[in-house]
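What follows is calculated from the coordinates using simple rules that are stated; it is not laboratory data. Note that this is a predicted model, so its numbers are computed, not measured. Note: ideal-geometry Cβ built from the backbone for every residue, glycine included; neighbour counts use all protein chains shown.
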Amino acid sequence: MHVPEDAVVSSADVALALASAASQNGVQIYDRTSVLHVMVKKGQVSGVETDKGQIECQYFVNCAGQWAYELGLSNEEPVSIPLHACEHFYLLTRPLETPLQSNTPTIVDADGRIYIRNWQGGLLSGGFEKNPKPIFTEGKNQLEIQNLQEDWDHFEPLLSSLLRRMPDLETLEILKLVNCPETFTPDMRCIMGESPSVRGYFVLAGMNSAGLSFGGGAGRYLAEWMVHGYPSENIWELDLKRFGALQSSRTFLRHRVMEVMPLLYDLKVPRWDFQTGRQLRTSPLYDRLDAQGARWMEKHGFERPKYFVPPDKDLLALEQSKTFYKPDWFEIVESEVKCCKEAVCVIDMSSFTKFEITSTGDQALEVLQYLFSNDLDVPVGHIVHTGMLNQGGGYENDCSVARLSKRSFFMISPTDQQVHCWAWLKKHMPEDSNLLLEDVTWKYTALNLIGPRAVDVLSELSYAPMTPDHFPSLFCKEMSVGYANGIRVMSMTHTGEPGFMLYIPIEYALHVYNEVMSVGQKYGIRNAGYYALRSLRIEKFFAFWGQDLNTLTTPLECGRESRVKLEKGMDFIGRDALLQQKQNGVYKRLTMFILDDHDTDLDLWPWWGEPIYRNGQYAGKTTSSAYSYTLERHVCLGFVHNFSEDTGEEQVVTADFINRGEYEIDIAGHRFQAKAKLYPVTSLFTHKRRKEDVELSDLHGK
Amino acid sequence: MCVCPGPRRIGIPVRSSSLPLFSDAMPAPTQLFFPLIRNCELSRIYGTACYCHHRHLCCSSPYLAQSRLRCTPPPAYATFCRPKEGWWQHTQGRRYASTPQKFYLTPPQVNSILKANEYSFKVPEFDGKNVSSVLGFDSNQLPANAPIEDRRSAATCLQTRGMLLGVFDGHAGCACSQAVSERLFYYIAVSLLPHETLLEIENAVESGRALLPILQWHKHPNDYFSKEASKLYFNSLRTYWQELIDLNTGESTDIDVKEALINAFKRLDSDISLEAQVGDPNSFLNYLVLRVAFSGATACVAHVDGVDLHVANTGDSRAMLGVQEEDGSWSAVTLSNDHNAQNERELERLKLEHPKNEAKSVVKQDRLLGLLMPFRAFGDVKFKWSIDLQKRVIESGPDQLNDNEYTKFIPPNYYTPPYLTAEPEVTYHRLRPQDKFLVLATDGLWETMHRQDVVRIVGEYLTGMHHQQPIAVGGYKVTLGQMHGLLTERRAKMSSVFEDQNAATHLIRHAVGNNEFGTVDHERLSKMLSLPEELARMYRDDITIIVVQFNSHVVGAYQNQD
């Protein structure tokens, strides 16, 4: 790919230019001064202790690159910034006979894992090798920095691919091999944002060797963040709060960056799971499920089953399984989905973040009414789906809250919300010793019993009537399951399918699981994983925070007006913005697309991020997609915008606007026709099988 | 024609305990051949067989001459040879009927054969420091005989300091080498024990108290000990230490290692001989002790204690010291003398030990009495006992022994026994920091590789990583092409070294697979390892190797103390 306006800049020059511009505007720069630690008063940055004295300040930005981790730890209340350095080598040569021109394009050979560019008429060439050398695991070590060695043997594969690509370079004379460590993060995305624990402590680090290219944009977003309290774009994927202290083990980081660094030049395929730093957080059922063929994915350090490989089935080897087409697990997930639709499946969903909020008086209800857009003043035992919004009405979190008693609430949110949600709650809750917030994620194992027969399994295990009359949808009851008492049973499944979530104190997890599986046998029970769940929820138009919803999307933009109670008698966060939006209309709308002429077997699959075309005009991008085994079509979710044909300005999107368009989804350059829907397909909610469709195989165990 | 006397020739059934050894030692050829036969791909096998056949015809003499022991074939051999010849004709006949196809083992198959018997021991560290002058050792065996006749042993002396390592090359079966590998180190350790310790052990036996352990063995799972003979062996050993106790006059003298080694060797050989003469009421044991005595074994044993290295050698196995010169190059220092016809002093000794009129017959065709290649060995009572004694023992022995042509056969020109001794030649060497390792190996290695090559290959293997200095450009004019060439060469060297985690395995890979250029040729390696067991012995001998690595820091520290 040739980018004509591509340019090469020197990081040192850019830094100097920025520094002198800043100085001209009155910024003071202290050279040769090291920061000892950041001073904090009442959870707010108050100054910086340096080896030359103190400096008072309101904001502190940790941009210490590969030392950011250590600087973060130097605080009294440590700030976890998970990153780790690897040695990085690049070669400098003497000028070519005809020295290279400064406009020589930069060349990247991803297969050869190298980049090549002009450097003073000669070459600068480095790469991201398959076997990186992590460094500074033990921390900053002056001795090591001074002794950073050129390692030619290590550079050999990169040199070979350079000469393979450009054999004529053989005669070029070497100037030197530079060893310049670079910093990498556990997920190859940089780290920025405010610390969850110290207000005014910002971080911008872990650039994964792309500091110079990303620096400008990252700096701008961070500046916005500091000035306005939030950046102008959704950058959750870069937010420091996507990590917690659990990703800060040096061993974990050392192992993980060895996998991350080669990824820079690898083909990145959808649904790829990191192979290093795994099995950190597991449910008590991990071994049981693993023995039954579970394949795992990891979220926030937690192992979650993707699907279960039947004993008679072989999947492709890891490397061969990389694909943008129909994946090898297609039939496996299909049978799991089918079982969810016709019988009952159990999915271990223990990774979800679980908080409990209790108070002595009405404080808990009050604070939740202020933080959440839906009305939580419901009878005890009810479950409320609600957003936790920011001032702009955007989703900071999307949760289910169960009212356990008059004064206590149980809150379930996505797995990677553990740090962010906690920080948000802490930030907005009054300092009140009578109000208790507790993270109980680790205390419960969560089993999702999905399917029409879930009710049979559960009633057999609890001797309690579970019919909708006794246990309507979105209800929560503590009951006994098997020998175990005090299991929190909730009539919801996160998919729109009938069934129950079981929140089980971990010591009962194995017992309850075993009971459910053995009683469930006659109802055709089987294990299922997150891929089945994903297919089910997307075909039902269930949006998920972190994938479809983010801090810049409001409930009104995704058809969730019913989950907002503007008149509940509390001026909750984001209410004003929503009121305004209600009046003015929305500028984007989450829409479900059903691909029409897409061949599942032969065409490239949609994954996410595919452009949406309305009447031939670009209208937005998809946010998630899945194959619906029921509709036998691919379903994509995505936001439709209304860009003015003349100015490109965003205009109001109405239901009429959506319904009147002809849509296409562009997958890798090929456009597929798509039906747009603002509400889920109703036929999916009727589960009755017609008598004449029953066949003998329906009597087989699943 | 001459044939190597394998155990089946002598008619001794394979002992049950050695069966697993056999099947472990040679897994690949059998596993590879049977499926092929099932698949009716016979032509492939014939292809291999024909390859061997050619080799057999053109280069048979040097290989067959290696056979350690040979006999004038009595009439019985004719019957033995006939089916063999028939087999050859058969394969040859079929060769023209089918196109020979190449059949090779894959590198992983080759590795699994080479690594089946590898063993490594690292001397444990205390407080992060290894105070022993031995860092550890690597050992391995590659069988040619089926079952293998070589044995190896390694043990740490627990009541004295020092470590014992030895290789044993059996002939006419593996009974003797097996017995020596189990027993010799105990004899040596007992010979080294101070009087008080001997007394303590004897008293413990007498009063039924717990015994002091003497040896800590370092064994590969395939290195077995015979359970049945354990009691018999113990009683002989006990008699030995009781005599040592009785001989002691009370004044404590420093034990001389050299003397201890010689005494131990001679004593064990005499016990082997006595046990066979006395016999055992248990018919299994009776047969066992006879098999041990009538078969033979050479031994090459090293005793390392601090900087004191003693090598006791009986026969034609060899101990070779790897010395690194100041310029980093490797040289070999031989620490043992081969006891065979190539050794003038041995020829001289034999002539002196027997009357002048036997001077021509005692060594014929470079063999003792025209039969035995090593001039010193354990067992082999046929070269030690008088004719009378041999006849008497054989006649009173079990039928199996009586039916055996080899045991009944009396060497020609057998006038003044004994012709053979187990007395070792002991070499002392004081270790220096430049002495990096010791290679103990049976003649299977030395007849295929020059000692200089052995030391160089092991030296480069052991220091491979550490001694490849990092490259720095620093001011020199180097082009990308030159650097690339240099790096590719270094990588090739490295990858051949790191295929093996065991120096002995690495050496065997070279010994079997080296081509005329001195580098491992996979094709050759694959052919050599896929020989059917009936043929393997024609192309190579059993190979057993122990590579002991010394701790230069500790050795250097000893030197500084003095």
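Charge dipole of the protein assembly as shown (Cα centre as origin; +1 on each Lys and Arg Cβ, -1 on each Asp and Glu Cβ, all else neutral): 2280 debye, rounded to the nearest 20.
For the stretch A:353-439, the Cα gyration tensor yields ellipsoid semi-axes of 18, 15, 13 Å (square root of five times each eigenvalue, largest first, whole Å). Spin-label model, B:Ala492/B:Glu259: points 7 Å from Cα along the beta carbon direction are separated by 5.7 nm.
Could you tally the net charge around A:Ala7, taking each other residue with its Cβ under 15 Å from the Cβ of A:Ala7, Lys/Arg +1 and Asp/Glu -1? Net charge around A:Ala7: -2.
Within 10 Å of each Cβ of A:155-163, how many other protein chain Cβ atoms are there on average? Spell out each step's value before the answer.
Values: counts 3, 8, 2, 0, 6, 4, 0, 2, 4.
Mean inter-chain Cβ contacts per residue within 10 Å come to 3.
Projected label points at B:Thr479 and A:Tyr59, each 7 Å from Cα along the beta carbon direction, are separated by 5.5 nanometres.
Spatial offset of the stretch A:328-397 relative to the stretch A:598-634 amounts to 27 Å, using the alpha carbon center of each. Couplings 3J(HN,Hα) for the stretch B:346-351, derived from phi with the Karplus relation 6.51 cos²θ - 1.76 cosθ + 1.60 (θ = phi - 60°), are 5, 4, 4, 4, 4, 5 Hz, where x marks Gly and Pro.
A simple count of charges around B:Leu321, restricted to other residues whose Cβ falls under 9 Å of its Cβ and scoring Lys, Arg +1 and Asp, Glu -1, yields 0.
Treating r as the C-beta distance of A:Ser459 and A:Glu561 and R0 as 41 Å, the FRET efficiency rounds to 0.70.
What is the magnitude of the charge dipole of the stretch B:246-393 about its Cα centre, with +1 placed on the Cβ of each Lys and Arg, -1 on the Cβ of each Asp and Glu, and no other charges, expressed in debye to the nearest 20?
Working: 17 positive and 24 negative charges, 240 e Å.
Dipole about the Cα centre, nearest 20: 1160 debye.
The eigenvalues of the Cα gyration tensor, multiplied by 5 and square-rooted, give chain A an equivalent ellipsoid with semi-axes of 45, 32, 27 Å from largest to smallest. Radius of gyration over Kirkwood radius for the stretch A:484-632, both on Cα atoms: the Rg/Rh ratio is 1.06.
Do any of B:Lys219/B:Lys436; A:Lys130/A:Lys306; A:Lys443/A:Lys568 go past 29 Å between their Cα atoms, and which? Don't skip to the answer; put the middle values down first.
On the way: B:Lys219/B:Lys436 23 Å; A:Lys130/A:Lys306 27 Å; A:Lys443/A:Lys568 33 Å.
Pairs exceeding the cut-off: A:Lys443/A:Lys568.
Is any residue of the stretch B:220-251 close enough, with backbone N under 20 Å, to a label point placed 7 angstrom from the Cα of B:Ser270 along the Cα-Cβ axis, and if so, which? Of the residues in the stretch B:220-251, B:232-250 have backbone N under 20 Å from the label point off B:Ser270.
Once the convex hull of the C-alpha atoms of the protein assembly as shown is built, how many Å³ does it hold per residue, rounded to a whole number? Don't jump to the answer; show the numbers that get you there.
Values: hull volume 363.9 nm³, N = 1264.
Dividing the Cα hull volume of the protein assembly as shown by its residues yields 288 Å³.
Listed by chain and number, the lysines whose C-alpha is less than 24 Å from the C-alpha of B:Lys527, apart from same-chain residues fewer than 8 away, are B:Lys84, B:Lys102, B:Lys115, B:Lys493. Within the shell of other residues whose beta carbon sits under 13 angstrom from the beta carbon of B:Val478, the net charge comes to 0, with Lys and Arg scored +1 and Asp and Glu -1. Extension gain for A:Tyr483-A:Lys443 works out to 12.5 nm (0.36 nm per residue, less the C-alpha to C-alpha distance).
One Cα centroid belongs to the stretch B:329-345, the other to the stretch A:69-135; the line between them spans 57 Å. Between the stretch A:400-472 and the stretch A:498-562, how many Å separate their Cα centres? Spelled out, the Cα-based centre of one part sits 13 Å from the other. The label-point distance for A:Val380 and B:Glu200, in a model that sets each label 7 Å from Cα toward Cβ, rounds to 7.6 nm.
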